[in-house]
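One structure is given below, encoded as structure tokens.
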Amino acid sequence: MSATEVLSALDRIHGTVSVIGSMNADYTVTAQRLPGPGETITGGPLQLLPGGKSGNQAAAAARIGATVQMFGAVGSDSNADFLLGALGEAGVNTTHVRRVLGPSGTTVITVDATGENTIVYSPGSNAQVTVDYVESVRDALARSSVLGLCLESPIETVTAAARMCHEAGVKVLLNDSPFTPSLPSELVEASDILLVNEHEMVQLLGIDEPENDDWDGFDWNHALEAMRGFGFEQAIVTLGGDGSVVLDSTSATPIQRIAPVHVNAVDTTGCGDSFMGTVLAGLASGMALSEAAELASYVSAYAATGYGAQASYGNAAQIREAFAK
């Protein structure tokens, strides 16, 4: 389909999304290249930008029109107001975010001239998103159509949130990132859809990567069966600059390759989160998984053309205009 046809799906974004997890202040610096071990290089001005995988996902979904609630914790520092203000500006409801003593979550990010990055994460207040907190917001969580989860919060909290929402009939999309190959069985059972990249997929499923990184010639049927055996009927496998693959045992077309959208990337920070946020918004609005993934390819490509995570996310009008030509 053409960009215009794919992006017409933005007109149908209306669903309700809950995201529980991390919010981080991103300290970001650009440099010609990433430093090697023990090496000091000179970079540009240090920027403070709003981030955190969960906060990014919530902001991306809200920017394109979904009704989004954010759940998690910020600290008692100045970054707390900064993070909540950025989410509010994106259209995210932060009423249920808890404030705790100590620093908010932070990351230190270096971005090179090609848009690649390295990230060091300090959990801060994100480590205080407890099971008791999830219990306290159970009713609010259950009012959404879809829940987005990643692993920048304690695993027991993530598992509890998935279980609560699954029992309430809320669709659960799990992003296994930061990656762990040992997901609790209860979390797998309570999650409906998995989002991973290609390298995470093979580690999780215990299968071999293709020779010469040839994902076009990869046996995706084998991956589909292995994914089902692991516990997921539906999954999205992102392939970086090569697009993504939707594995959907519930569909008449169980393996669907989503083409990449090429742009002049300046910073890939947060692009994966904008992809996930778009999928959340699409699923909450009644889209099929493959349709949501196709739309997400354009939204995340747009994000790569700006610096930072949330700071680079566009609204529906901006994204349409960028790809109109």
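The values are calculated or read from the model by the stated rules, or taken from the named source; none is laboratory data. These numbers come from a predicted model, not from an experiment. Don't worry about glycine lacking a Cβ; one is built from the backbone with ideal geometry, like all the others, and counts go over all protein chains shown. Just so you know, the surface numbers come from the protein's heavy atoms only, side chains and all, with ligands and any DNA or RNA stripped out. Shrake-Rupley method; radii C 1.70, N 1.55, O 1.52, S 1.80 Å.
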**Message:** Expected output is a single nm value to one decimal: the length gained when fully extending between residue 207 and residue 42, i.e. 0.36 nm times separation in residues minus the C-alpha distance. What is it?
**Reply:** 55.3 nm
**Message:** Could you work out [θ]222 nm for the chain from helices alone, using -39500 (n - 2.57) per DSSP H run of at least four and dividing by all its residues? Round to the nearest 500 deg cm²/dmol.
**Reply:** -10000 deg cm²/dmol
**Request:** Evaluate E = 1/(1 + (r/R0)^6) for residue 221 and residue 188, where r is the Cβ-Cβ distance and R0 equals 22 Å; express this FRET efficiency to the nearest 0.05.
**Result:** 0.55
**Request:** Report relative contact order for the chain in percent, whole number only (criteria: Cα-Cα under 8 Å, sequence separation at least 6).
**Result:** 20 percent
**Item:** Kirkwood-based Rg to Rh ratio, the chain, C-alpha trace
**Value:** 0.94
**Message:** What number comes out for accessible area per residue over the chain if the probe is 1.4 Å? Units Å², please.
**Reply:** 41 Å²
**Prompt:** Just the Cα atoms of the range 183-325, one point each, no solvent: what log10 I(q)/I(0) does Debye give at q = 0.09 Å⁻¹?
**Reply:** -0.28
**Centre separation in Å (Cα based) which lies between the range 1-77 and the range 222-272** = 20 Å
**Request:** Would you mind telling me the share, in percent, of accessible area of the range 151-301 contributed by carbon and sulfur at probe 1.4 angstrom?
**Result:** 44 percent
**Prompt:** Do you know the relative contact order of the range 1-157, to the nearest whole percent, from alpha carbon pairs under 8 angstrom that are 6+ apart?
**Reply:** 30 percent
**Asked** What does the accessible area of residue 182 come to, in Å² to the nearest 10, when a probe of 1.4 Å is used?
**Response** 80 Å²
**Message:** How large are Rg and Dmax for the range 112-215 when calculated on the C-alpha trace, in angstrom?
**Reply:** 15.9, 49
**Message:** How charged is the neighbourhood of residue 239? Take every other residue with its Cβ under 11 Å from the Cβ of residue 239, and add Lys/Arg as +1 and Asp/Glu as -1.
**Reply:** -3
**Prompt:** To the nearest 20 debye, what charge dipole does the chain have about its Cα centre, counting +1 at the Cβ of each Lys and Arg and -1 at the Cβ of each Asp and Glu?
**Reply:** 1160 debye
**Message:** How charged is the neighbourhood of residue 127? Take every other residue with its Cβ under 12 Å from the Cβ of residue 127, and add Lys/Arg as +1 and Asp/Glu as -1.
**Reply:** -2
**Fill in**
So, with points 7 Å from each Cα along the Cβ direction, the residue 155-residue 95 label distance in nm works out to 3.4 nm
**Fill in**
Dividing the mean separation of Cα pairs under 8 Å (6+ apart) by the residue count of the range 158-278 yields a relative contact order in percent of 19 percent
